[in-house]
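S.K.: If you scroll down you'll find the structure; I have some questions about it.
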Amino acid sequence: MSKVSKISTFEPADESYGLGAEFSGVHRRGELRGIIKINQNSCVGCDTCTSFCPTEAIGGTLGIAHRIDVNRCVNCGQCLVNCPFGAISQMSFADIVLEKLDDPKAFVVAHPSPSVRVSIAEEFGGKPGDLTINRLYNAFEKAGFHNYDVNFAADQTILEEGTEFIKKVKYWILGERGEDLEHIAHHPFPHFTSCCPAWVKNAETFHTNLLPHISGAKSPIQMGGALAKTWAAEFVWRVDPRDIFMVAVTPCTAKIFEASRPEFNSAYEYLLENRKIPNNTKSFQDIDAVLTARDAAEIFRRKGINPLLLSDERQSETMNVYTGAATIFGNSGGVMEAALRTAYFILSGQELSNPDIIVVRGHEKDIVEATIPIPLKDYGGKIIDVKIAVVNGASRNIKEIVKRLVNNENRYHFVEVMNCPGGCVNGGGQPVRTMGTSWLHPLLPLPLRA
Ligand code: SF4
Ligand code: SF4
Ligand code: SF4
């Protein structure tokens with residue numbers, strides 16, 4: 001059972017900025033730093049965490065307490081879930097969310113990710129998958145939340161990302177030109193996914209040459225935050241968007257950082273521009289708080305709710321409708337498969353039945369490659385071969401991908417990168433197993449990791 005503490009920014013964000021400075025190290029003003037912290041009194045210096053860190057952010061001598069360099073850390077939490085001594089903590093918003101739930105004016109919305117519904121049962125003595133989605137919705141409702149499933153927003157991300165990919169095919173492969181394709185001239189292949197904030201931060205800090213290749217689509221959570229405070233506020237819930245308190249419930253500690261990024265206040269910008277809120281309204285983020293699966297379980301416990309014991313009955317609701325494409329987001333290869341199926345359908349006019357796409361699922365291999373032939377309906381059935389790669393656990397693999405790209409920049413058209421091994425199902429915000437996720441230890445031979 002995981003314990004959460006009152007929110008603490010560990011590293012007070014503003015103190016380290018010079019007068020008028022907008023940056024401190026790699027962080028912009030407003031961005032949360034020190035989301036993951038090693039407790040100096042509990043760390044025995046065993047060095048286990050260093051082999052799970054994708055960015056060599058952890059330093060220290062064997063036998064002496066280790067430390068995290070906040071400028072190298074991408075907030076993925078893999079060190080936390082794999083520390084055998086429970087010496088690593090995560091910044092938690094549990095107390096703030098509990099306070100909001102007691103505020104009668106606040107319209108508090110739970111925005112749960114697909115991987116959380118699978119894992120949260122473990123916190124209540126169940127097995128992964130024991131908890132049905134209806135029970136989870138009922139648990140959030142009992143705790144005082146309204147529900148808005150991230151899967152609903154993940155479908156929008158797929159449409160954005162799939163459309164972007166199609167534009168790249170048109171511009172770079174088919175040579176089409178036009179006003180709507182002009183910006184694509186600055187975004188060549190390979191197309192990289194953007195929904196993993198640890199990977200995006202990794203690229204921003206260590207692989208800036210890849211930034212023009214990364215999709216401009218927001219992650220499902222950010223897409224959902226903006227939609228909730230604009231469209232849903234006006235047409236579904238009919239509430240003042242300023243009263244909405246959006247709580248992302250995720251398997252991911254890097255989402256805590258993502259939610260604090262200054263550009264993710266697009267609902268505020270839209271509402272202001274369209275005069276739907278007064279001019280003097282103070283800026284607010286699209287997502288107000290992020291709870292990991294551990295934090296959400298703690299909230300249920302403090303409210304005396306065991307989601308496993310609740311009813312499985314529930315009516316279908318507007319905000320909880322989604323496709324299977326959204327559901328597979330949480331697994332490695334899922335984002336790629338969903339976006340590619342969408343692009344395939346639009347370009348060819350047919351559903352993708354080619355079983356080759358299935359090889360990108362799962363986490364048995366560090367890097368999975370495949371070639372998907374797409375017949376183009378508007379080009380007399382001309383076939384283009386789309387070369388794809390899925391990177392599992394960006395730790396060492398992203399360096400390998402970058403090396404391959406330097407040697408042959410035409411090698412891939414589409415690359416999915418998820419920081420955590422196997423994708424978000426093994427995220428740093430998931431319940432901590434007694435032995436961590438060490439069965440996925442990078443130094444173990446592959447058969448033992450599968
Ligand atoms: S794994 Fe835990 S105990 Fe070992 S060095 Fe890292 S933080 Fe310290
Ligand atoms: S949170 Fe991730 S990047 Fe940061 S120190 Fe831990 S393993 Fe490394
Ligand atoms: S793989 Fe998923 S859980 Fe892990 S850092 Fe990326 S988004 Fe978060």
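S.K.: Does Ala110 meet the test of being more than 16 Å from ligand 3 (Cβ to nearest atom) and surrounded by 22 or more Cβ atoms within 10 Å (Cβ to Cβ)?
M.R.: yes
S.K.: Are any residues in the stretch 232-247 out of contact with any helix residue (DSSP H, G or I) (no Cβ under 6 Å at 6 or more places or on another chain), within 15 Å of Ile277 (Cβ to Cβ) and not acidic (Asp, Glu), and if so, which ones?
M.R.: Arg242
S.K.: Within the stretch 23-55, track down each residue that is within 13 Å of ligand 1 (Cβ to nearest atom) and of a type outside the set (A, V, I, L, M, F, W, C).
M.R.: Residues of the stretch 23-55 within 13 Å of ligand 1 (Cβ to nearest atom): 36-53.
Once the filter is applied, which keeps residues that are within 13 Å of ligand 1 (Cβ to nearest atom) and of a type outside the set (A, V, I, L, M, F, W, C), the stretch 23-55 yields Lys37, Asn39, Gln40, Asn41, Ser42, Gly45, Asp47, Thr48, Thr50, Ser51.
S.K.: Given (1) within 16 Å of ligand 2 (Cβ to nearest atom); (2) of a type outside the set (Asp, Glu); (3) farther than 30 Å from Trp237 by Cα, where does Phe23 come up short, assuming only one miss?
M.R.: Here Phe23 meets the rest and fails (1).
S.K.: Taking the condition within 15 Å of ligand 2 (Cβ to nearest atom), over 19 Å from Ala198 (Cβ atoms) and modelled with pLDDT of 90 or more, does Cys46 pass?
M.R.: yes
S.K.: I've got another one for you. With respect to Ser89, determine if the residue is within 30 Å of Ser311 (Cα to Cα) and in contact (Cβ under 8 Å) with a residue 40 or more places away in the chain.
M.R.: no
S.K.: Further question on the same structure: Starting from residues that are part of a helix (DSSP H, G or I) and over 12 Å from Gln222 (Cα atoms), keep the ones in the stretch 258-293 and report whichever is nearest to ligand 1 (Cβ to nearest atom).
M.R.: First, pick out the residues of the stretch 258-293 that are part of a helix (DSSP H, G or I): 258-259, 266-273, 293.
Then keep just the ones that are over 12 Å from Gln222 (Cα atoms); that gives 268-273, 293.
Working: Tyr268: 38, Glu269: 40, Tyr270: 42, Leu271: 43, Leu272: 44, Glu273: 46, Ala293: 20 Å.
Filtering first and then ranking leaves Ala293.
S.K.: Only one residue in Ala233, Ala226, Ala248, Ala217 is within 16 Å of ligand 3 (Cβ to nearest atom) and at pLDDT 95 or above. Which one?
M.R.: Answer to the selection: Ala248.
One line per residue, one yes/no per condition, for (1) over 20 Å from Ala121 (Cβ atoms); (2) modelled with pLDDT of 95 or more; (3) among the β-branched types (Val, Ile, Thr):
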{"position": "Thr292", "(1), (2), (3)": "no, yes, yes"}
{"position": "Phe300", "(1), (2), (3)": "no, yes, no"}
{"position": "Ile305", "(1), (2), (3)": "no, yes, yes"}
{"position": "Glu317", "(1), (2), (3)": "yes, no, no"}
{"position": "Tyr322", "(1), (2), (3)": "yes, no, no"}
{"position": "Ala325", "(1), (2), (3)": "yes, no, no"}
{"position": "Ile328", "(1), (2), (3)": "no, no, yes"}
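S.K.: Within the stretch 58-96, which residues are of a type in the set (Ser, Thr, Tyr) and either within 11 Å of ligand 2 (Cβ to nearest atom) or part of a strand (DSSP E or B) (or both)? Before you say what the answer is, go through the steps one by one.
M.R.: Of the residues in the stretch 58-96, the ones of a type in the set (Ser, Thr, Tyr) are 61, 89, 92.
Correct list: Ser89 only.
S.K.: While we're looking at this one, here's another question. Name the pairs: first residue in the stretch 406-431 and closer than 30 Å to Ile36 by Cα and in contact (Cβ under 8 Å) with a residue 40 or more places away in the chain, second residue part of a helix (DSSP H, G or I) and of a type in the set (Val, Ile, Thr), Cβ to Cβ under 7 Å, at least 6 apart or on different chains?
M.R.: As it stands, the answer is Val415/Ile401; Glu416/Val335; Val417/Ile398; Val425/Val118; Gly428/Val81; Gln430/Val81, since those pairs meet every condition given.
S.K.: Output yes when any residue across the stretch 128-142 is in contact (Cβ under 8 Å) with a residue 12 or more places away in the chain, within 15 Å of ligand 3 (Cβ to nearest atom), in contact with a strand residue (DSSP E or B) (Cβ under 8 Å, 6 or more places away or on another chain) and within 28 Å of Glu317 (Cβ to Cβ), and no when none is. Break it down stepwise before answering.
M.R.: First, pick out the residues of the stretch 128-142 that are in contact (Cβ under 8 Å) with a residue 12 or more places away in the chain: 130-140, 142.
From what is left, the residues that are within 15 Å of ligand 3 (Cβ to nearest atom) are none.
No, every residue in the stretch 128-142 fails to be in contact (Cβ under 8 Å) with a residue 12 or more places away in the chain, within 15 Å of ligand 3 (Cβ to nearest atom), in contact with a strand residue (DSSP E or B) (Cβ under 8 Å, 6 or more places away or on another chain) and within 28 Å of Glu317 (Cβ to Cβ).
S.K.: Something else about it: Going through the stretch 209-236 one residue at a time, which ones are out of contact with any strand residue (DSSP E or B) (no Cβ under 8 Å at 6 or more places or on another chain), outside any loop (DSSP other than H, G, I, E, B) and closer than 21 Å to Leu32 by Cα?
M.R.: Within the stretch 209-236, Pro220, Gln222, Met223, Ala226 qualify.
S.K.: Further question: Considering the stretch 140-185 alone, what residues qualify as being over 24 Å from Lys377 (Cα atoms) and assigned to a loop (DSSP other than H, G, I, E, B)?
M.R.: Those that are over 24 Å from Lys377 (Cα atoms) and assigned to a loop (DSSP other than H, G, I, E, B): Gly144, Phe145, Tyr148, Asp149.
The values are calculated or read from the model by the stated rules, or taken from the named source; none is laboratory data. These numbers were taken from a predicted model, which means no experiment stands behind them. Positions of Cβ are backbone-derived with ideal geometry, glycine not excepted, and every protein chain shown enters the neighbour counts.
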